[in-house]
Amino acid sequence: MKTLDCLSSKTPTLWINEQREPTTPALAKIPFGMAEMRDAQARLYRFAPLIAELFPEEAGPLGGLIESELAAAPGLADYLLPQGGRLLVKKDHQLPVAGSVKARGGIYEVLFLAEQLAIEQGLLHHGDNYTRLMAEDVRELFARYRVSVGSTGNLGLSIGIIGAALGFKVDVHMSHDAKQWKKRRLRQKGVNVIEHRSDYGSAVAVGRTAAEADPFNHFIDDEKSLQLFLGYSVAAFRLKAQLADLGVRVDASHPLFVYLPCGNGGAPGGISFGLKQVFGDAVHCFFAEPTEAPCMTLGLVTGKHAEISVYDIGLGVRTAADGLAVARPSTFVGELIAPLLSGALTLSDDMMMNYVYAAERLEGTRIEPSAAAGFAGPRLITEHAFSKQFEEITHLLWTTGGRYLPDEEHRKNLEQGREIYEAERNN
Ligand SMILES: *Cc1c(COP(=O)(O)O)cnc(C)c1O
């Protein structure tokens with residue numbers, strides 16, 4: 001079946017990107033790169049002491065660095081890779097402060113803004129300890145500004161929590177599919193949550209328009225923000241060090257296959273961009289989307305990016321993967337990633353729930369449905385025979401959210417997933 005037919009009929013599929021180019025010349029055409037990633041990383045280091053002060057309970061062993069563990073997952077490896085091969089999990093579902101991959105981009109952009117404002121006003125100087133930003137004069141400055149964002153949930157959580165902690169006013173425009181517990185958590189932090197009856201794209205559009213009229217309102221634009229994108233890309237530096245610590249080689253004969261859950265493309269796009277900068281042709285990045293909302297795959301396959309929505313092919317964006325419930329991809333990300341991406345896959349909600357259950361049962365790991373989208377990758381790649389070197393491949397699942405998932409939500413997901421898991425096992 002052609003990819004487009006698979007998408008419109010909600011048939012799970014693996015799409016291989018025939019437009020992919022050799023990494024080095026493809027990256028050379030992009031007007032930013034390693035220098036901007038290093039600058040973003042340095043900024044995150046400058047802010048680490050402040051984050052550690054603001055979130056003492058969550059900061060963890062890395063102080064105030066927003067980072068997650070990379071670990072082997074032997075139970076999942078047996079389940080997902082029966083033919084053998086190495087499987088690792090990059091645990092962004094445990095990221096401090098926001099509990100999802102959105103902590104990388106969202107927090108980074110708010111920190112960027114805070115630094116810029118404080119320096120402009122002469123309240124922060126080169127070499128200062130950034131805990132200085134907790135002082136009364138700085139908080140008064142930040143309190144004059146509003147940070148706003150449109151979100152299906154997790155981006156709002158990340159920006160709302162860091163924004164409120166720094167003293168900004170924060171507006172979060174939530175789409176109708178945002179989970180109640182995410183709205184509640186934000187309101188507890190003093191964030192202004194504005195609920196829309198519309199989808200994610202419309203929530204973003206309303207937020208953007210409201211901010212345009214107000215110079216004291218900084219809108220974080222998930223559809224085209226370079227700062228968000230760079231915040232995500234920094235993940236690649238840490239991953240490189242973590243792979244080295246585990247003794248995992250990544251080179252032409254030991255390729256790294258990375259599976260990234262994808263909504264509008266910002267998080268997986270930024271991370272993939274960073275990975276390509278760091279590992280070049282040796283890394284293969286695959287985006288994973290629900291069959292109900294495969295917006296990035298649709299945009300890439302048709303070349304239309306945000307000019308086409310999944311509604312146009314008869315889909316409804318009805319998915320339990322709220323973090324991926326997006327009808328139109330980011331054109332900024334789609335165009336940038338088109339020559340770099342190795343492919344994309346789609347999977348049903350049932351399969352995501354199955355994997356949520358598998359993660360809990362086999363690894364004791366709590367993830368939200370969105371975070372399980374990439375779990376379909378290893379088997380698909382192995383069956384497709386994308387590479388002949390099965391033994392030499394390292395498969396990496398990027399688990400993107402779940403740390404603050406309430407027990408009750410998780411229990412419901414597990415119940416659904418368990419039935420599917422057991423039915424599959426009995427087959
Ligand atoms: C937002 C999100 C993603 C995907 O990020 P995009 O930038 O929307 O592509 C993946 N997983 C979770 C849990 C998310 O919240």
Taking the dipole of the chain about the Cα centre (Lys, Arg +1; Asp, Glu -1; charges at Cβ), the one of A306, G377, N413 that reaches farthest to the positive side is N413
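Defining a contact as two alpha carbons under 8 Å apart and six or more residues distant in sequence, what relative contact order in percent does the range 40-90 show?
Details: 43 pairs, mean separation 13.7, N = 51.
Value for the range 40-90: 27 percent.
Rounded, prolate or oblate for the range 280-427? Axes are the square roots of the Cα gyration tensor eigenvalues, ordered a ≥ b ≥ c, and the cut-off for rounded is a/c under 1.5.
Values: a/c = 1.88, a/b = 1.24, b/c = 1.52.
It comes out oblate by the Cα gyration axes.
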For the chain, what is the calculated [θ] at 222 nm in deg cm²/dmol (nearest 500), taking -39500 (n - 2.57) for each run of four or more DSSP H residues and dividing by its residue count?
-13500 deg cm²/dmol
Calculate the dipole size of the chain relative to its Cα centre from +1 charges on Lys and Arg beta carbons and -1 charges on Asp and Glu beta carbons; express the result in debye to the nearest 20.
180 debye
So for the range 58-141, taking the charge dipole from beta-carbon charges (+1 Lys/Arg, -1 Asp/Glu), which of G85, L113, G127 sits furthest toward the positive end?
G85
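Sequence gap at least 6, Cα distance under 8 Å: using those rules, report the relative contact order of the range 340-427 to the nearest whole percent.
Numbers: 87 pairs, mean separation 38.6, N = 88.
Averaging sequence separation for qualifying contacts and normalising by length gives 44 percent for the range 340-427.
Quick check: at a probe of 1.4 Å, how many percent of the accessible area of the range 14-73 sits on carbon and sulfur atoms?
Values: 1710 of 3170 Å².
Of the solvent-accessible surface of the range 14-73, carbon and sulfur hold 54 percent.
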In whole angstrom, and with the biggest value first, how far do the Cα coordinates of the range 362-427 range along each principal axis?
43, 29, 17
Proximal lysines to K2, defined as alpha-carbon separation beneath 23 angstrom and excluding residues fewer than eight positions away on the same chain
K10, K304
Starting from the Cα of K189, draw a straight line to each of the aspartates and glutamates and keep only those under 14 Å, dropping any in the same chain fewer than 8 residues away.
D171
Report in % the part of the accessible area of the range 330-427 that belongs to carbon and sulfur, leaving out ligands and nucleic acids; probe 1.4 Å.
46 percent
Which of A35, A344, A235 ends up with the largest GNM mean-square fluctuation for the chain, with Cα atoms connected below 10 Å?
A35
Can you spot the aspartates and glutamates whose alpha carbon is less than 16 Å from K276's alpha carbon? Ignore those fewer than 8 places along the same chain.
E21, E36, D251, E335
Residues whose modelled amide H sits under 5 Å from the amide H of A288, counting only those 5 or more places away in sequence or on another chain, are L260, C262, L345
Shape call, the range 217-298: gyration tensor on alpha carbons, a/c limit 1.5
oblate
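Which percent of the accessible heavy-atom area of the range 122-195 goes to carbon and sulfur, probe 1.4 angstrom?
Details: 1320 of 2920 Å².
Exposed carbon and sulfur together represent 45 percent of the surface.
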Report the antiparallel proportion of the DSSP beta bridges in the chain as a percent, rounded to a multiple of 5.
20 percent
Please give the per residue accessible area of the chain, computed with a probe of 1.4 Å over protein heavy atoms only, in Å².
39 Å²
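Just flag the trypsin sites (Lys or Arg not before Pro) in the range 353-427 sitting in loop per DSSP whose Cβ has no more than 15 other Cβ atoms within 10 Å.
Working: sites: R361, R366, R379, K388, R403, R411, K412, R418, R425; in loops: R366, K388, R403.
Loop-located and lightly packed - K388.
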Shape of the range 146-210, Cα gyration tensor, a/c cut at 1.5:
oblate
In whole angstrom, note down how far apart the Cα centers of the range 295-367 and the range 163-180 are.
23 Å
Got the relative contact order for the range 144-188 handy, in percent, Cα pairs under 8 Å and 6 or more residues apart?
47 percent
Positive-pole candidate from A327, L239, S225, dipole of the range 184-340, charges at beta carbon
L239
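The values are calculated or read from the model by the stated rules, or taken from the named source; none is laboratory data. Predicted model only: the values in this text are computed from it and were never measured. Ideal geometry is used to build each Cβ from the backbone, glycine not excepted, and the neighbour counts take in all protein chains shown. Side chains included, ligands, DNA and RNA excluded: accessible areas come from the protein's heavy atoms. Shrake-Rupley method; radii C 1.70, N 1.55, O 1.52, S 1.80 Å.
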